[in-house]
Each structure stands twice: as C-alpha cells, then as structure tokens.
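Heads up, the thing below is written out as structure tokens.
The values are calculated or read from the model by the stated rules, or taken from the named source; none is laboratory data. Since we're looking at a predicted model, the values are computed, not measured. Ideal geometry is used to build each Cβ from the backbone, glycine not excepted, and the neighbour counts take in all protein chains shown. SASA here: full protein model, heavy atoms, side chains in, ligands and nucleic acids out. Shrake-Rupley method; radii C 1.70, N 1.55, O 1.52, S 1.80 Å.
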Amino acid sequence: MNRRITASALALACAVALAACGSDSDDSDSSDAGNGSGDGATRTVETAMGPVEVPENPQRVVVLDTAELDTVITLGVIPVGAVQADATQEFLDYLPQDQLSDIEVVGNIAAPNLETIDRLHPDLIIGSKVRDEERYDELSAIAPTVFSETVGAPWKENFLMHAEALGKSEEAEQVIADYEAHAAEVTEALGGAEAAADIEVTMLRFIEGGNTRLYGRDNYIGGVLADLGLGRPAITDEATDGFAVEISPEQIDQADADVIYYASYGDPDASGEEGAVGGPLWEDLTAVQENRAFPVNDQLWYLGIGYTAANQIIDEIEETLT
C-alpha cells in the first residue's frame, strides 16, 4: 500500500504535466515565450521579499534550488530552466528522468547564470532569499520572482507558497494529504507511534570539503523523521540552531544509535566516508553491530527537500526497519 501512495503522487505529477509544463527548449528564444496565462491575468503572492504579482497560469518557470525542482515536478510543472548542486552537476536523480531531459541548466545553487535565465524568457522564477537575495533585483527584472525566506526546515510552508505562485494550490493540498496518509501507514508498519519513538535514528552525512554532520531536528530530513514519530539520539539536541552537530572522523562514535542512515555530499573518498565506514570506530557502533547502518542516496535524502523525495524516503525507512 505504501508504494501505491507514492505512485499516486507521481501519477498526479504526470497527469497534469502536459497542461502545466513549459515549452520545449527549441522554443526558448521565442520573443513572445513569456506570455504566461495569455490574457495578462495576475495574482498576488506574499513572499519573503514582499508581495509579488505573478501570472495566473505561468508557463515558463525557472527554479533556483533543488527543493524547488522537486516541488514543481511534484505539481506537474516541468520548468524550462533549473540550477544544479555543485557536487552533483546533474538534476535530482530520483525524479522521473524523462521529465528532466529538456530542462536547461542555468548555473549552480547560489550561482545562477542570469544571462541564461534571461534567454529562456521565463514568466516566473522561484527560489529563496537565503540563496539569492543579492540577485533579487536582477532576477525580478527578468520575470516575477518568488522567494521563500530560507530552505530546509520550512519545506512544507515553502511548498505551499510555491504552489500558490504556480497556480497549483489545490493539487498541493492533495499531495500533502497523500503524504500524510502514507506517513501514518509507515508509522503503523513500524509498530505504531510508541514503537517508532523507541527507535533512535542518526542521520550521518559526510561532506566533501567540510566536517561530517550529525543532523538535528530543525532541517528537512529531521522533519521527515518526525512525521514518522521516530526517536533521535541525545546528541541531536546539541545541534547548533537545531541543524547539525559537526564532528571529525575521530568522533564517529558520536553517531551511535539504534539505526544510522549515512550518505556523502560529493565523492565518498574525498568526503571521508570511505575512511570512516569499516574502520575500527565504525565497527564499534551499535547500529553497525546490529546490521542497522544503511547507506542512502544523498540527492534523495538531503538535496530533494520536497514531497516526492519524502515519499520515497519513508518507503526506504519502512523497507529497512520492517
């Protein structure tokens, strides 16, 4: 039944994609490509930068982060342009790849190429203040630009704002209802709320060029775990601003918990994952000794930050813990 609900969310995206998607890339240089709804109708969306007038039915959308890419695809909108993460240099690999093939790369997160965006003649740009505040005026000169305040922890609120900008609020409410039902089913599959709360889960992420992170509660993946009612180890409460505790390879014992999900942002060798996993400190961890340390897809668990990712994540949690 879990897969049925996930499939339902993806089916919703596919069913409305033809009506909502942007034009093929071959049309990107058309001088009248940014006409939006065609009759000039607009509506006002409250954003982190103030009220913004957006087309009633935007047709050529550009997204400036991976969360926004998950959101638009979830809602059946294929953007004409999107950024990529520095470490991946590709679009999110868990999304339906046939829906990503015609999207043009418009730079990397927090470093969009404004000339490329302008050439695509967008009628709506979606991003966040934390990533691109300094480019807001330039982006707004290209097309109406809708920014959330930040990314990660407020992903559900951001989803609703972006859905409103896309004219997809009704579809968004259905996505949310399906996800909540899915999460409730997975919690029951784990033995119910009380049993789920007794399972302490560590989210461990190795970072190329940075310290290893033990994720706290105030972030996207912390929110997904909370939706299932899963427990977290005590060190979670030491996370700076609730986000993460940074550790060195010599402190990997602090990751100990009933269950560990781990991934690398960047190359696993350069991130420190290859050196840590299988080492003597790793082998002493409770989760490792009980065969409950699981490698996961970094793009899915950490970069997606949306409902399509969340549905797949909770399916994986069910598969590994039941």
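Placing +1 on the Cβ of every Lys and Arg and -1 on the Cβ of every Asp and Glu, with no other charges, gives the chain a dipole of roughly 420 debye about its Cα centre.
With springs connecting C-alpha atoms under 10 Å apart, model the chain as a Gaussian network and identify which of 148, 264, 101 has the largest mean-square fluctuation. Among 148, 264, 101, the largest GNM mean-square fluctuation belongs to 101.
Result for the chain in a Gaussian network model with C-alpha springs under 10 Å: among 174, 299, 312, the largest mean-square fluctuation is at 174.
Can you list the equivalent-ellipsoid semi-axes of the range 223-290, largest first and in whole Å, using the square root of 5 times each Cα gyration tensor eigenvalue? It would help to have the intermediate numbers written out before the result.
On the way: eigenvalues 86, 46, 30 Å².
Largest first, the range 223-290 gives 21, 15, 12 Å.
For the range 45-52, putting each phi into the Karplus relation 6.51 cos²θ - 1.76 cosθ + 1.60 with θ = phi - 60° gives couplings of 10, 7, 10, 5, 9, x, x, 10 Hz, in residue order, rounded to whole numbers and with x for Gly and Pro. Residue farthest toward the positive end of the dipole of the chain, with Cβ of Lys/Arg at +1 and Asp/Glu at -1: which of 224, 114, 124? Going by the Cα projections, it comes out as 124.
Here the mean projected area of the convex hull built on the C-alpha positions of the range 52-132 is 5.3 nm². Between the range 245-295 and the range 79-123, the alpha-carbon centres lie 32 Å apart.
What does the charge add up to near residue 297, with Lys and Arg as +1, Asp and Glu as -1, over the other residues with Cβ less than 10 Å from its Cβ? My count for the surroundings of residue 297 gives -3. Against the chain, whose longest principal axis is taken from its Cα atoms, helix 155-166 shows a tilt of about 20°.
What size of dipole, in debye to the nearest 20, comes out for the range 132-278 about its Cα centre when the only charges are +1 on Lys and Arg C-beta atoms and -1 on Asp and Glu C-beta atoms? Intermediate values should be presented prior to the final figure.
On the way: 7 positive and 33 negative charges, 13 e Å.
Dipole size: approximately 60 debye.
Across the range 57-69, computed HN-Hα scalar couplings (Karplus, 6.51 cos²θ - 1.76 cosθ + 1.60, θ = phi - 60°) run 9, x, 10, 10, 9, 10, 10, 10, 7, 5, 4, 5, 5 Hz from first to last residue, x flagging Gly and Pro. Taking amide H as placed 1.01 Å from N in the peptide plane, residue 264 has its amide H under 5 Å from the amide H of 206, 298, each at least 5 places away in sequence or on another chain.
DSSP bridge analysis restricted to the range 43-189 gives an antiparallel fraction near 35%, rounded to the nearest 5. Between amide H atoms placed 1.01 Å from N, distances below 5 Å from residue 106 occur with 82, 83, 84, all of them 5 or more places distant or on a separate chain.
In square angstrom, what is the accessible area per residue of the range 165-221 with a 1.4 angstrom probe?
Working: 2360 Å² over 57 residues.
Here the residues of the range 165-221 average 41 Å² of exposed surface.
Of all DSSP bridge pairs formed entirely within the range 135-285, close to 45 percent run antiparallel. Taking every DSSP bridge with both residues inside the chain, close to 40 percent are antiparallel.
Dividing the convex hull volume of the alpha carbon atoms of the chain by its residue count, what do you get in Å³ per residue?
Numbers: hull volume 40.1 nm³, N = 322.
Each residue corresponds to 124 Å³ of Cα convex hull volume.
Place a +1 charge on the Cβ of each Lys and Arg in the range 211-269 and a -1 charge on the Cβ of each Asp and Glu, then give the dipole magnitude about the Cα centre in debye, rounded to the nearest 20.
Numbers: 3 positive and 12 negative charges, 44 e Å.
Magnitude of the dipole: close to 220 debye.
For residue 128, neighbours were defined as the other residues whose beta-carbon sits under 10 Å from its Cβ, and their charges (Lys and Arg +1, Asp and Glu -1) total -3.
Electrostatic bookkeeping for residue 188 treats Lys and Arg as +1 and Asp and Glu as -1; over the other residues with beta carbon under 12 Å from its beta carbon, the sum is -3. In the chain, helices alone account for a calculated mean residue ellipticity at 222 nm of -10500 deg cm²/dmol, with every DSSP H run of four or more residues adding -39,500 (n - 2.57).
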